[in-house]
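To start, the structure itself, in structure tokens.
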Amino acid sequence: MQANKPIYLQIAEGLEDQIQAGRYPSDCRLPSVRDAAATWQVNVNTAMRAFEHLERNHIIYNKRGIGYFVCPEAKELITAARKEQFFAGEMRYFFARLNQIGITPDELRELYSSHLKE
């Protein structure tokens with residue numbers, strides 16, 4: 001767990017990672033809130049906050065009495081949100097560091113191409 005981020009958001013991001021990786025495809029039933037709390041060793045209320053956060057963001061939906069399921073558009077929504085987050089924060093820092101240490105666009109292109117081939 002990261003000290004600088006609320007636990008429920010870390011759990012939500014973990015579920016998003018699993019959805020993006022295909023562990024939970026569209027319309028797949030997720031583990032119960034109680035099972036999620038046991039898995040992450042947190043209070044049931046904390047796990048519930050994570051599920052509610054994902055539901056508000058249209059990543060999952062609730063079928064009362066049955067459980068939570070992955071929304072059909074979940075992967076696309078997660079990817080779009082993460083790209084936006086990356087462009088707004090991490091990328092600016094990344095480009096500033098590249099400039100600071102003198103990495104050229106050509107060097108970066110070559111490094112990235114090599115990385116994709118691995």
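The values are calculated or read from the model by the stated rules, or taken from the named source; none is laboratory data. Not measured: the values here are computed from a predicted model. For neighbour counting, all protein chains shown are included, and Cβ atoms are generated from backbone atoms with ideal geometry for every residue, glycine included.
Listing for the model above:
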item	result
Complete set of residues in the stretch 22-49 that are farther than 19 Å from E76 by Cα and small (G, A, S)	S32, A36, A37, A38, A47
Enumeration of residues in the stretch 32-72 that are more than 23 Å from K5 (Cα to Cα) and without any contact (Cβ under 8 Å) to a residue 24 or more places away in the chain	Y61, N62, K63, R64, G65
Residue list for the stretch 54-108, restricted to those being closer than 19 Å to A12 by Cβ and small (G, A, S)	G67, A74, A80, A81, A88, G89
Of all residues making up the stretch 33-83, the number that are of a type in the set (D, E, K, R) and farther than 16 Å from D17 by Cα	7
Within the stretch 70-95, tally of residues that are more than 30 Å from C28 (Cβ to Cβ), aromatic (F, W, Y) and surrounded by 12 or more Cβ atoms within 10 Å (Cβ to Cβ)	2
Candidates L98, L116, L111, L54 - the one that is farther than 18 Å from R29 by Cα and either loosely packed, with under 10 Cβ neighbours inside 10 Å or at pLDDT 95 or above (or both)	L116
